[in-house]
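Here's the structure, in structure tokens; my notes come after.
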Amino acid sequence: MSLRLTNTLTRRTESFQPLVPGEVSIYCCGVTVYDLCHLGHARSYIVWDVLRRYLIWSGYRVKFVQNITDIDDKILQRAAKEGRSMQEVSESNIVAFQDDMAALNILPPDRVPRATQCLDAIRAMIGELESSGAAYSADGDVYFAVMGQPDYGKLSGRSLSEQQEGASGRLNSEEESRKRHPFDFALWKGVKPGEPSFPSPWGPGRPGWHIECSAMVRQELGNTIDIHLGGADLIFPHHENEIAQSEAANAEPLARFWLHNGMVNVDGEKMSKSLGNFTTIRSLLASGVSPMTLRLFVLQAHYRKPLDFTREALDAAATGWHGLNEALQLGLNPTFTAALRWGAAAAAAQPAPDPDPDFGHGHDVGLETSRQGFIDALDDDLNTSAALAVLFELARPLRALARRLERGSEASGEDRALQGRWQLLQQLSGVLGLELEASPSSAAEAAIGPEPEVIQALISERLAARQQKRYPDADAIRDQLRADGIELIDRPDGGTEWIRR
RNA sequence: GGCGGCAUGGCCAAGUGGUAAGGCAGAGGAUUGCAAAUCCUUUACCCCCAGUUCGAAUCUGGGUGCCGCCUCCA
């Protein structure tokens with residue numbers, strides 16, 4: 001079996017084969033940088049990051065382009081409100097966006113074109129569309145004429161005739177009156193007083209929203225790309241219009257596969273900047289939600305379905321990630337690897353660039369089954385939920401082992417034999433971008449709570465109480481330490497360990 | 001009004017014809033002075049009605065509820 005993806009264009013799940021064998025070209029619609037990114041953006045980019053990592057892991061050479069819209073009405077509004085220039089607003093939000101993406105372990109795109117840096121390509125394409133009659137200019141604006149495109153609406157499943165009535169009610173603004181058809185959209189907007197502008201054959205102004213993507217795709221990746229990505233809210237009008245422009249200009253299909261991710265909902269409603277019901281990525285991270293928890297939260301649902309954002313679901317993901325993290329610690333924590341005699345090879349193991357076809361041959365057959373289960377899951381239209389189930393099953397004994405070692409147990413020969421399982425878990429987790437984080441007992445958290453000397457003193461006190469069978473006193477000490485986040489573990493040999501929780 | 005999607009246990013969520021993955025939470029047992037951890041066991045009339053079929057959560061028709069897009073939005 002091979003990768004199958006649900007293509008919005010055909011409304012079917014189809015077998016994916018790139019145009020050029022071994023190479024995949026991907027364009028992903030990026031953000032308009034007028035504000036910080038929220039969980040909805042995180043979902044989208046996490047999901048596409050997994051697609052990209054999976055393709056790379058499968059052996060493809062992937063070229064991944066993602067734009068940044070740095071000129072737009074909203075940015076101008078924000079700039080006016082804050083007394084800053086459009087560039088200042090864009091720049092600060094671009095930096096914040098890139099920080100957020102890095103924090104979420106999302107691979108940076110190969111190319112990140114910005115609208116303001118692609119004006120030549122944009123103007124060239126508008127010029128072509130105007131010359132061919134696909135677009136027309138009107139009072140310094142240039143509009144795309146949808147009536148000239150017989151297949152307009154093929155992505156979103158709308159027909160112009162059916163939509164006309166509903167749309168006619170919006171013919172009120174000055175801009176609308178310049179359009180020949182209500183669905184016509186601006187390729188170039190003539191400058192208005194007080195706005196920044198760029199020169200063009202149609203007079204000073206700035207590009208419309210949709211044209212930048214068409215121009216960038218052609219410039220960076222060519223006329224036809226393998227996969228075009230974006231949120232489901234972009235299907236209409238943005239992607240529909242991209243198709244119209246690109247295909248009118250190039251006379252070739254824009255993209256072979258159109259993939260769209262579902263929205264993040266809050267109380268059953270879409271999280272969005274305009275509704276104001278959003279939680280930004282950085283506020284989530286600042287509130288103590290780990291990046292990997294966020295990834296797990298997102299990947300537990302199928303990418304095309306709506307995902308409800310609730311505190312409970314996030315907490316469940318945090319606990320779930322904690323368990324996976326414990327298993328991943330096993331091969332990367334020097335104390336554990338020493339106990340298991342796994343050696344440097346284990347610590348150095350990284351996700352392999354390709355699936356190892358020999359894996360499992362002469363090894364644990366169960367591991368090969370797991371590996372294949374993981375591949376089958378992702379091949380099935382990126383069923384990350386099913387892929388995670390494989391990871392959790394791989395992790396279960398590793399996690400148990402890590403906990404036993406943490407509590408001072410000796411490693412058995414059987415434990416040492418789990419190295420291959422750990423390596424597979426690490427490799428597959430990496431495909432989902434789930435990677436080890438500092439353990440909770442890291443230096444930062446160790447600074448909180450009682451000093452080790454104090455704890456030891458209390459443990460001694462408790463030991464005395466236990467020896468005298470004054471159990472209520474002993475338990476009082478346990479409870480007191482627990483309130484301070486310290487858990488006591490009595491070992492069979494009579495010793496007492498403690499860990500911070 | 002038009003187009004599209006969704007409804008699975010306490011919560012989240014896979015599963016598209018052969019009686020239901022996984023995560024979180026819960027219960028019982030073993031073990032422990034008590035704990036912790038570990039191990040074992042365990043928790044589903046798949047929104048409703050009708051139909052197709054030997055057999056349906058899964059297909060068809062109808063109904064109900066919810067959501068997205070049709071204006072900027074990942």
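Calculated [222 nm] ellipticity per residue, helices only, for chain A: -14500 deg cm²/dmol; basis is -39500 (n - 2.57) per DSSP H run with n ≥ 4, divided by all residues, nearest 500.
What dipole magnitude, in Debye to the nearest 20, does chain A give about its Cα centre under +1 on Lys/Arg Cβ and -1 on Asp/Glu Cβ? Here chain A has a charge dipole of around 420 debye. Taken along its three principal axes, the alpha carbon spread of the range A:4-282 comes to 51, 45, 39 Å, from the longest extent down to the shortest. Take chain A with all the other protein chains still there, run a 1.4 Å probe, and you get 45 Å² of accessible area per residue.
Within the range A:202-288, none of the chymotrypsin sites (Phe, Trp or Tyr not before Pro) combine a DSSP coil assignment with at most 10 other C-beta atoms in a 10 angstrom radius.
In order along the range A:465-480, phi translates into HN-Hα couplings of 4, 5, 5, 8, 6, 8, 4, x, 5, 4, 5, 4, 5, 4, 5, 4 Hz, rounded to whole numbers, per the Karplus curve 6.51 cos²θ - 1.76 cosθ + 1.60 with θ = phi - 60° and x for Gly and Pro.
Each principal axis of the Cα atoms in chain A has its own extent, and those three values, largest first, are 95, 56, 37 angstrom. Rolling a 1.4 Å probe over the protein heavy atoms of the range A:443-500, with every protein chain left in place, gives an accessible area that is 54 percent carbon and sulfur. Residue by residue, the range A:275-292 carries 3J(HN,Hα) couplings of 7, x, 9, 9, 10, 6, 4, 5, 6, 5, 5, 5, 7, x, 6, 7, x, 6 Hz when phi is fed to the Karplus relation 6.51 cos²θ - 1.76 cosθ + 1.60 (θ = phi - 60°); x denotes Gly or Pro. Per-residue extension of 0.36 nm, minus the Cα-Cα distance of A:ALA400 and A:ARG304, leaves a gain of 31.2 nm for this segment. Does anyone have the angle between helix A:419-431 and the longest principal axis of chain A? Alpha-carbon axes, 0 to 90°, nearest 10? For helix A:419-431, the angle is close to 20 degrees. Backbone amide hydrogens, once placed in the peptide plane, bring A:THR6 within less than 5 Å of A:GLU14, excluding anything fewer than 5 places away on its chain. Per atom type, the range A:74-124 shows carbon and sulfur on 49% of its accessible surface, probed at 1.4 Å. Most simply put, the range A:4-282 has about 50% antiparallel DSSP beta bridges, counting only bridges with both residues inside it.
Amide H contacts for A:VAL62 (H built 1.01 Å from N in the peptide plane; partners 5 or more residues away or on another chain; cut-off under 5 Å): A:VAL24.
Note on the range A:212-254: semi-axes of the ellipsoid equivalent to its C-alpha gyration tensor, largest first and rounded to whole Å, are 16, 11, 9.
The values are calculated or read from the model by the stated rules, or taken from the named source; none is laboratory data. These numbers come from a predicted model, not from an experiment. Reconstructed Cβ throughout: ideal geometry from the backbone, glycine too, with neighbour counts over all protein chains shown. Just the protein is used for accessible areas: all its heavy atoms, side chains included, with ligands, DNA and RNA removed. Shrake-Rupley method; radii C 1.70, N 1.55, O 1.52, S 1.80 Å.
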